[in-house]
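> One structure follows; several queries about it will come next.
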Amino acid sequence: VGLVYMFNLIVGTGALTMPKAFATAGWLVSLVLLMFLGFMSYMTTTFVVEAMAAANAQLRWKRMEKRKDDEDEDSSSGVSDSDVLLQDGYERAETRPILSVQRRGSPNIFEITERVEMGQMASMFFNKVGVNLFYFCIIIYLYGDLAIYAAAVPVSLMQVTCSATGNHSCSVGDGTKYNDTEKCWGPIRRIDAYRLYLAAFTLLLGPFTFFNVQKTKYLQIMTSLMRWIAFILMIILALIRISRGQAEGHPSMAQLSGIRNLFGVCVYSFMCQHSLPSLITPISKKKHVNKLVLLDYILILAFYSLLSFTAIYCFRNDTLMDMYTLNFTNCEIINVAFIRYFLGLFPVFTISTNFPIIAVTLRNNWKTLFHREGGTYPWVVDRIVFPAITLIPPVLVAFCTHDLESLVGITGAYAGNGIQYLIPAFLAYCSRKDTQLVFGSGTVNKHLSPFRHTFWIVFVLIWGFSCFVFVTANIILSESKL
């Protein structure tokens, strides 16, 4: 179930914007970059799992030390021998032999049993400046993520329903660009329809932000099945069209001008690091978690490649839409109305199941940011204020703009870069130092990343900073040409 959640979280909007990015960057450059960024994302995922295990060990150790201090205070304050003996069976067994047992390979100390959000890990392993930078990065990313989701669902609904009326009943996928002020139904303009759908989306999915999302298991499994059906349908329909000689695509091998957009889309398309604590912690058997996550990544990479290659050879570059599913709402591509509407509305189902998970992750990070040791929040702050500050800003952004390309580009290339590369690398480095300091240099974290050599951390950091420079330089050069 954890891996189903991860698949659902990763394969979202990014997958649907990837064919367009492939077409603009060229098939060879796109494939190499996609495989490389998939590998980098997997590496940093193992860094986060390792840091989660180190955080669990430290929290467990602090509790045991506190218990030991309390026990010493009790014995020095005149507690009877019989009371101490009663405690001995549990208290001492928990505190004293743990390190000697741990040296023989006991998994207890590094077992991931408690959910430690990335914000809490940053507070444990980073200094004050590092913690503030972390929160700036993750909050910007998650707000961007929620704004993309809040805009993408109403955009898809608007495109499908407005085009299903009037003279445009079969022309959604023909590359025609419509103005927001054009009529949709009667006096209602397209932009009005978009805002109505946004309001409905907020009312239906917004309440999840005020609760937890542990009870969406069956919804996630159903969505996962729909996702597989939609991907397979799009791949088969494109292959049929290619086999019949109706393919119109002639993709180039490489176009450097499209790399910036492709980079942002690819980073966005492999993002899951921020939600790993909520996804990995409930998994009961974590012995082979890294191998299972690798299997998830290979499956996702295969889907992305197959989907994108069939798309760029099936459709002309200029007709590929930002949301690839909308290419299949044209009657010339498929004349079965149900399939046209199923694919056209597929982003609605995909994104709707991700929205609550991302919202709860952001809400939990806000709570951790303002948390004070031993303190609790009043009910109004805990249940109303934190969910409200999580939900309102992205909905306002989506109300003001539905330019998905800009939202995905900025979110993926900047905040996404920080969360996917820089933060996991720093977490792995700092957690290893802290673990050696607390438990001694001979201690081995049972969830240590397969990329345990310091070289890999340095490599990820250099790559992350290089990406910042590359994207910024590319934007400045593009603006100066304009």
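The values are calculated or read from the model by the stated rules, or taken from the named source; none is laboratory data. Everything quoted here is computed from the prediction, not taken from an experiment. Positions of Cβ are generated from backbone atoms using ideal geometry, with glycine treated the same way; all protein chains shown enter the neighbour counts. Accessible surface is based on the protein model in full, side chains and every heavy atom, while ligands, DNA and RNA are left aside. Shrake-Rupley method; radii C 1.70, N 1.55, O 1.52, S 1.80 Å.
> Do any of 66/433; 66/291; 287/367; 285/367 go past 26 Å between their Cα atoms, and which? Can you show the working numbers first?
Working: 66/433 22 Å; 66/291 36 Å; 287/367 30 Å; 285/367 29 Å.
Distance filter (> 26 Å) returns 66/291; 287/367; 285/367.
> Sticking with this structure for a sec: Modelling each spin label as a point 7 Å along the Cα-to-Cβ direction, I'd like the residue 229/residue 181 distance in nm, to one decimal.
Using points 7 Å along Cα→Cβ, the separation is 4.1 nm.
> I've got another one for you. Pop out the carbon and sulfur fraction of the accessible area of the chain as a percent, whole number, probe 1.4 Å.
Roughly 65 percent, rounded to a whole number.
> Which angle from 0 to 90°, rounded to the nearest 10, does the C-alpha axis of helix 386-400 make with the longest principal axis of the chain?
Between the helix axis and the principal axis of the chain, the angle is about 20 degrees.
> Could you do me a favour and compute the accessible area per residue for the chain, 1.4 Å probe, result in Å²? Let's see the in-between values first.
Values: 22110 Å² over 482 residues.
Normalised by residue count, the accessible surface of the chain is 46 Å².
> Can you work out D for segment 254-353 in µm² s⁻¹ from Stokes-Einstein, where Rh is the Kirkwood radius over C-alpha pairs, the temperature is 37 °C and the viscosity is 0.692 mPa s?
Details: Rh = 16.5 Å.
So the translational diffusion coefficient is about 199 µm²/s.
> What accessible surface, in Å², does a 1.4 Å probe find on residue 466, ignoring ligands, DNA and RNA and rounding to the nearest 10?
Approximately 60 Å² of residue 466 is accessible to the 1.4 Å probe.
> Still on this structure: Suppose accessible area is computed on protein heavy atoms with a 1.4 Å probe; arrange 453, 402, 371, 447 from highest to lowest.
453, 371, 402, 447
> Still on this model: Give me, ordered by chain and number, the residues 5 or more places off residue 189 or on other chains with an amide H under 5 Å from its own placed amide H.
Under 5 Å from the amide H of residue 189 lie the amide H atoms of 184, each far enough along the sequence or on another chain.
> Hey, another quick one. To the nearest whole percent, what portion of all C-alpha pairs in segment 325-482 is separated by more than 20 angstrom?
For segment 325-482, the fraction of Cα-Cα distances above 20 Å is 73 percent.
> Only helical DSSP H runs with n ≥ 4 go in: add -39500 (n - 2.57) per run for the chain, normalise by residue count and round the 222 nm mean residue ellipticity to 500 deg cm²/dmol. Walk me through the numbers on the way to the answer.
Values: 18 runs with 322 residues, N = 482.
Calculated at 222 nm, the ellipticity per residue is -22500 deg cm²/dmol.
> In units of 2.2 N^0.38 Å, what is the alpha-carbon radius of gyration of the chain?
Working it through for the chain, the quotient is 1.09.
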